[in-house]
Amino acid sequence: MSAIEQTEAARPRGTRLPRRARRNQLLGAAQEVFVAQGYHSAAMDDIAERAGVSKPVLYQHFPGKLELYLALLDQHCESLLQAVVTALASTTDNKLRVEATMDAYFAYVEDEGGAFRLVFESDLTNEPAVRERVDRVSLQCAEAISDVIAGDTGLSKDESMLLAVGLGGVSQVVARYWLSSGSSIPRDTAVQLLTSLAWRGIAGFPLHGAEQN
């Protein structure tokens with residue numbers, strides 16, 4: 001059950017929950033409010049109301065709005081990283097690996113909770129703690145992609161990283177455009193189109209120690 005689903009299940013006031021379940025419920029409520037209103041317009045009162053708890057209960061778990069936002073950001077940065085790592089490990093066929101990685105970004109952006117907006121479209125990127133987390137997950141995703149490129153092509157670390165940053169950047173930018181534009185193109189078709197574009201470039205680098213088919 002997701003944090004938002006736990007919020008829906010536990011919204012009536014007066015319900016006692018285990019501490020971990022309560023924390024997840026509060027994070028789900030906060031996600032709804034931050035995604036809908038942005039950080040600056042959201043208030044702790046709104047989040048407490050959405051969760052169906054009193055403000056003192058909310059402050060027992062999170063001392064302030066920034067701490068709550070950072071906890072939520074940590075959760076969804078980790079989700080993105082794990083999605084990318086899982087996609088990369090899902091196959092040894094490199095074209096399918098590119099497709100799986102592209103789809104991981106599309107799935108992340110398409111998730112109905114809208115958590116991608118906290119990572120890619122935050123209105124708080126001037127806050128150093130937020131900027132550091134967003135930059136770190138982008139770097140970690142690129143490093144995961146870079147390791148595969150370097151291992152398969154024999155390109156240098158710097159060359160592989162440059163390509164990886166490009167692949168990750170294109171994936172998230174196009175996925176966000178696809179969602180925001182209300183495109184009539186189904187997700188799997190959009191992913192295949194973007195994979196074809198990326199593969200035409202990445203396939204030009206021969207496999208390390210073997211001939212590229």
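The values are calculated or read from the model by the stated rules, or taken from the named source; none is laboratory data. Since this is a predicted model, take the numbers as computed values, not measurements. Cβ sites come from the backbone with ideal geometry, for glycine too, and all protein chains shown count toward neighbours. Side chains included, ligands, DNA and RNA excluded: accessible areas come from the protein's heavy atoms. Shrake-Rupley method; radii C 1.70, N 1.55, O 1.52, S 1.80 Å.
Is it true that some residue in the range 58-74 is aliphatic (A, V, I, L, M), assigned to a loop (DSSP other than H, G, I, E, B) and open to solvent by less than 60 Å² (accessible area, probe 1.4 Å)? No, the range 58-74 contains no residue that is aliphatic (A, V, I, L, M), assigned to a loop (DSSP other than H, G, I, E, B) and open to solvent by less than 60 Å² (accessible area, probe 1.4 Å). Hey, can you tell me all the residues within the range 192-211 that are β-branched (Val, Ile, Thr) and at pLDDT below 90? Correct list: Ile202 only.
When the criteria are applied in full, Ser90 fails the requirement of being open to solvent by 10 Å² or more (accessible area, probe 1.4 Å), touching a residue at least 24 places away in the same chain (Cβ under 8 Å) and in a loop (DSSP other than H, G, I, E, B).
For the range 120-154, filtering for residues that are open to solvent by 40 Å² or more (accessible area, probe 1.4 Å) and outside any helix (DSSP H, G or I) leaves 6. Taken over the range 32-57, the criterion of being closer than 16 Å to Arg22 by Cα and assigned to a loop (DSSP other than H, G, I, E, B) is satisfied by Gly52, Val53, Ser54. In the set Ser183, Ser160, Ser171, only one residue is assigned to a loop (DSSP other than H, G, I, E, B) and either of a type outside the set (D, E, K, R) or touching a strand residue (DSSP E or B) at 6+ places or on another chain (Cβ under 9 Å) (or both); that residue is Ser183.
Exactly one residue out of Ala87, Ala129 is closer than 24 Å to Val191 by Cα and in the same structural domain as Leu193 (by the TED database): that is Ala87.
In the range 100-116, the residues that are in a loop (DSSP other than H, G, I, E, B) form Cβ pairs under 9 Å with partners that are of a type in the set (Asp, Glu), at six or more places apart or across chains, as follows: Gly113/Glu32; Gly114/Glu32.
Being in a helix (DSSP H, G or I), touching a residue at least 24 places away in the same chain (Cβ under 8 Å) and closer than 20 Å to Met44 by Cβ is the requirement here; does Ala83 meet it? The answer is no for Ala83. Tell me, which residue of the range 33-57 that is under 21 Å from Val130 (Cα atoms) and either touching a Cys at 6+ places or on another chain (Cβ under 9 Å) or among the aliphatic types (A, V, I, L, M) (or both) is most open to solvent (accessible area, probe 1.4 Å)? In this case the residue turns out to be Ala36. Considering the range 157-166, and only residues there that are in contact (Cβ under 8 Å) with a residue 12 or more places away in the chain and touching a Gly at 6+ places or on another chain (Cβ under 9 Å), the residue that is surrounded by the fewest Cβ atoms within 10 Å (Cβ to Cβ) turns out to be Leu163. Of all residue pairs spaced 6 or more apart or on separate chains, those with beta-carbon atoms under 9 Å, a first member in the range 169-194 that is in contact (Cβ under 8 Å) with a residue 24 or more places away in the chain and a second member that is assigned to a loop (DSSP other than H, G, I, E, B) and of a type in the set (Val, Ile, Thr) are Trp178/Ile185.
Set side by side, the residues Ala190, Ala175 differ, and just one is over 12 Å from the mean Cα position of the chain (by Cα), among the hydrophobic types (A, V, I, L, M, F, W, C) and surrounded by 16 or more Cβ atoms within 10 Å (Cβ to Cβ), which is Ala190.
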